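This report refers to the structure that appears directly beneath it.
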Ligand code: HEC
């Protein structure tokens, strides 16, 4: 049972890493002798597609010779992947007065943006309201990225993991179950996943930051001294940096409080 869960988890993490779910292609229209929009911010790894909608030819040519579309006749397009952060000015080599730029977020800015988009962008993948009072929003969004796009915490800690009618395993559009999001209640043999939402004092799973980091690193159950968590993949999560574990904790303190479903109700 345990091995099955572990290999499932390993597969899950691999799938997440290999599948650029959020890698996006942004279109810049070349129209009326302008690049529209003329400044665009994108995530690291995203692509830009230039589409010439004018009747005359244009180019997309990097100021720093990083790319050159060559002549794009009317209706033609050119795509480039941006895999380095920074600001990249470009122009049309046929009409050098046409200038624009692409700004690519750093890796951390990209993770923060994705972590925020999971909750805030449409289509809603996780329709919850975060409590950001007295918090650093960027740290919370980074935590969202780690929990939702890397950690797979909702796979074990939400029951069910996906909203009714939104189960990607059934070919439906993905949306996390927001009602009992991370409220635990899933049974793994005799072990029941914990409710990670804030308790009445605002502490996620009822643990302090110090207890959280300790249990993630050592697997020591803070509620039952001497007990080692048996299902939690803490040997994996425990290798995360302090910054990442603190971001997870900040995120978990921001999510809505929810009641743990009865394990019997969780298949
Ligand atoms: C493979 C399933 C699984 C995954 C994935 C998982 N957990 Fe758990 N977790 C459990 C189970 C089950 C427990 C109950 C203790 C046990 O038996 O391991 C638990 C316990 C915990 C506890 C201890 C709560 C307490 O009060 O003792 C915390 C905190 C926690 N998990 C956080 C997380 C976070 C954060 C993630 C994602 C980064 C995560 N878990 C991913 C299964 C999982």
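The values are calculated or read from the model by the stated rules, or taken from the named source; none is laboratory data. Quick caveat: nothing in here was measured; it's all calculated off a predicted structure. Glycine gets a Cβ as well: all are built from the backbone with ideal geometry, and neighbour counts include every protein chain shown.
Annotation: of all residues in the range 244-264 being assigned to a loop (DSSP other than H, G, I, E, B) and away from the ligand (no atom under 13 Å from the Cβ), the one that is surrounded by the fewest Cβ atoms within 10 Å (Cβ to Cβ) is 262. Inspection of the range 92-112 identifies no residue that is assigned to a helix (DSSP H, G or I), in contact with a strand residue (DSSP E or B) (Cβ under 8 Å, 6 or more places away or on another chain), over 30 Å from residue 54 (Cα atoms) and at pLDDT 95 or above. Being over 12 Å from residue 254 (Cβ atoms) and under 9 Å from the mean Cα position of the chain (by Cα) is a property that residue 94 lacks.
Residues that are farther than 20 Å from residue 141 by Cβ and crowded, with 16+ Cβ neighbours inside 10 Å occur at least once in the range 102-113. Among the residues making up the range 174-188, those that are touching a helix residue (DSSP H, G or I) at 6+ places or on another chain (Cβ under 8 Å) and either under 18 Å from residue 251 (Cβ atoms) or part of a loop (DSSP other than H, G, I, E, B) (or both) are 174, 176, 177, 181, 182, 183, 184, 185, 186. Taking the listed residues 171, 202, the one that is surrounded by fewer than 14 Cβ atoms within 10 Å (Cβ to Cβ), over 18 Å from residue 151 (Cβ atoms) and touching a helix residue (DSSP H, G or I) at 6+ places or on another chain (Cβ under 9 Å) is 202, with no other qualifying. Is it fair to say residue 215 is within 16 Å of residue 259 (Cβ to Cβ), modelled with pLDDT of 95 or more, surrounded by 13 or more Cβ atoms within 10 Å (Cβ to Cβ) and near the ligand (Cβ under 10 Å from one of its atoms)? Judged against the criteria, residue 215 is not a match.
When the range 164-194 is limited to residues that are touching a strand residue (DSSP E or B) at 6+ places or on another chain (Cβ under 9 Å) and within 12 Å of the ligand (Cβ to nearest atom), the one that is farthest from residue 263 (Cα to Cα) turns out to be 182. Residue 241 - would you say it is surrounded by 18 or more Cβ atoms within 10 Å (Cβ to Cβ), more than 7 Å from the ligand (Cβ to nearest atom) and assigned by TED's automatic domain parsing to the domain that holds residue 130? Considered against the rule, which asks whether it is surrounded by 18 or more Cβ atoms within 10 Å (Cβ to Cβ), more than 7 Å from the ligand (Cβ to nearest atom) and assigned by TED's automatic domain parsing to the domain that holds residue 130, residue 241 comes out as no.
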